[in-house]
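Beneath this line is the structure, given in structure tokens, with notes to follow.
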Amino acid sequence: MIFYFSATGNSKYVAERVAAATDDHLVFLPDAIRARVYRYDVSRESRIGFVTPTYFFGLPSILHFFLEKLELTGYTDQYVYLVLTCGAATGDAAGQLGKLLKAKGVTLSAQFGVPMVDNYVPLGKLEDREAMEKKLEEAEEYIDEARRAIRARGIGDYNRCQGAAPGARTAALYPLYAHGRSTKPFVVTDACLGCGLCQEICPCGAIALTGGKPVWSKKQCVQCLACLHRCPAGAIRWKKASEANGRYYNPKVGGSAKQVE
Ligand SMILES: Cc1cc2nc3c(=O)[nH]c(=O)nc-3n(C[C@H](O)[C@H](O)[C@H](O)COP(=O)(O)O)c2cc1C
């Protein structure tokens with residue numbers, strides 16, 4: 001069983017590649033939360049995986065939300081792993097998952113990191129297309145390494161993307177995520193078609209179409225930026241309407257309206 005979260009496809013791609021190697025079932029966290037399914041029978045599972053992007057050198061808030069409620073019935077020391085995708089560095093995001101699991105009597109057996117395209121456009125422009133393609137190509141080696149180790153139930157720290165001083169970085173920068181999660185800076189331009197995709201894909205139900213346009217009804221969201229990156233009209237921006245730092249969706253994932261731009 002693989003629990004995963006993804007906004008712009010990187011972690012979805014990784015979760016699907018790992019699932020193909022282990023023949024495991026995928027659970028997309030926003031679907032599980034919408035359906036209020038928090039209890040999973042893992043008695044017949046030999047591996048339990050978590051695949052997620054890194055946010056502020058820690059875990060997306062949706063992981064904390066889900067893990068606080070999660071019940072793994074039939075857990076008997078199965079192999080439990082975490083794969084973090086990131087733009088550059090994961091910090092000690094795995095330490096956060098380790099603690100959340102430990103509180104449930106579950107041990108994290110291994111962690112992996114996969115550097116991919118950085119989708120955090122509030123900080124600056126996306127890399128150019130060539131750089132993105134190169135990065136996604138280079139990520140394959142990390143994904144293959146994770147697939148091999150997970151198949152073999154390799155235990156330990158395989159994460160080559162933690163960066164310098166991971167614990168200190170997470171401790172210093174993760175608290176800033178609380179500000180990042182404010183929905184105030186989202187702006188909708190006149191290009192909005194009123195299609196409602198943003199409302200549909202928001203993992204925490206923070207968007208409601210009002211008068212045919214998206215309105216953020218919650219003060220905080222996951223800040224996953226799925227609404228911004230996947231808007232078919234490119235109408236959702238962060239802060240000033242003039243700031244367009246590009247939009248991204250992993251081009252190796254099928255089924256999305258958006259590709260790399
Ligand atoms: C709110 C937010 C915070 C982020 N923080 C980090 C970070 O601390 N370190 C990093 O390397 N990448 C960071 N990123 C980039 C993502 O981790 C990276 O692009 C990830 O692969 C996106 O996964 P997805 O396509 O599955 O949504 C951040 C992205 C977002 C949206």
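Determine whether the stretch 163-172 contains at least one residue that is touching a residue at least 40 places away in the same chain (Cβ under 8 Å), β-branched (Val, Ile, Thr) and within 16 Å of the ligand (Cβ to nearest atom).
Yes, that holds for at least one residue.
Pick out, from the stretch 1-86, the strands (runs of 3 or more DSSP E) lying fully within it that include 2 or more residues that are of a type in the set (A, V, I, L, M, F, W, C) and open to solvent by 30 Å² or more (accessible area, probe 1.4 Å).
Details: elements: 2-4, 26-28, 39-41, 47-53, 71-73, 79-86.
Counting at least 2 such residues, we get 26-28.
Pick from 91, 105: which is of a type outside the set (A, V, I, L, M, F, W, C), surrounded by 17 or more Cβ atoms within 10 Å (Cβ to Cβ) and at pLDDT 95 or above? Walk me through it before giving the result.
Numbers: 105 fails: surrounded by 17 or more Cβ atoms within 10 Å (Cβ to Cβ).
Among 91, 105, only 91 is of a type outside the set (A, V, I, L, M, F, W, C), surrounded by 17 or more Cβ atoms within 10 Å (Cβ to Cβ) and at pLDDT 95 or above.
Give the residue that is most open to solvent (accessible area, probe 1.4 Å), with candidates limited to residues of the stretch 198-218 that are touching a residue at least 24 places away in the same chain (Cβ under 8 Å) and within 16 Å of the ligand (Cβ to nearest atom).
218
Kindly check whether there is at least one residue in the stretch 81-96 that is away from the ligand (no atom under 16 Å from the Cβ) and of a type in the set (A, V, I, L, M, F, W, C). Walk me through it before giving the result.
Our first condition is that a residue be away from the ligand (no atom under 16 Å from the Cβ); within the stretch 81-96, this holds for 81.
When the remaining residues are screened for being of a type in the set (A, V, I, L, M, F, W, C), the result is none.
No: zero hits.
Collect the residues in the stretch 106-148 that are more than 15 Å from the ligand (Cβ to nearest atom), among the hydrophobic types (A, V, I, L, M, F, W, C) and over 24 Å from residue 67 (Cα atoms), keeping them in residue-number order.
none
Only one residue in 164, 110, 172, 152 is crowded, with 17+ Cβ neighbours inside 10 Å and modelled with pLDDT of 95 or more. Which one?
Details: 164 fails: crowded, with 17+ Cβ neighbours inside 10 Å; 172 fails: crowded, with 17+ Cβ neighbours inside 10 Å; 152 fails: crowded, with 17+ Cβ neighbours inside 10 Å.
After applying the criteria, what remains is 110.
The values are calculated or read from the model by the stated rules, or taken from the named source; none is laboratory data. Keep in mind that this is a model prediction, so the values were computed, not measured. Please note: Cβ atoms are built from the backbone with ideal geometry, for glycine as well, and neighbour counts cover all protein chains shown. Accessible surface is based on the protein model in full, side chains and every heavy atom, while ligands, DNA and RNA are left aside. Shrake-Rupley method; radii C 1.70, N 1.55, O 1.52, S 1.80 Å.
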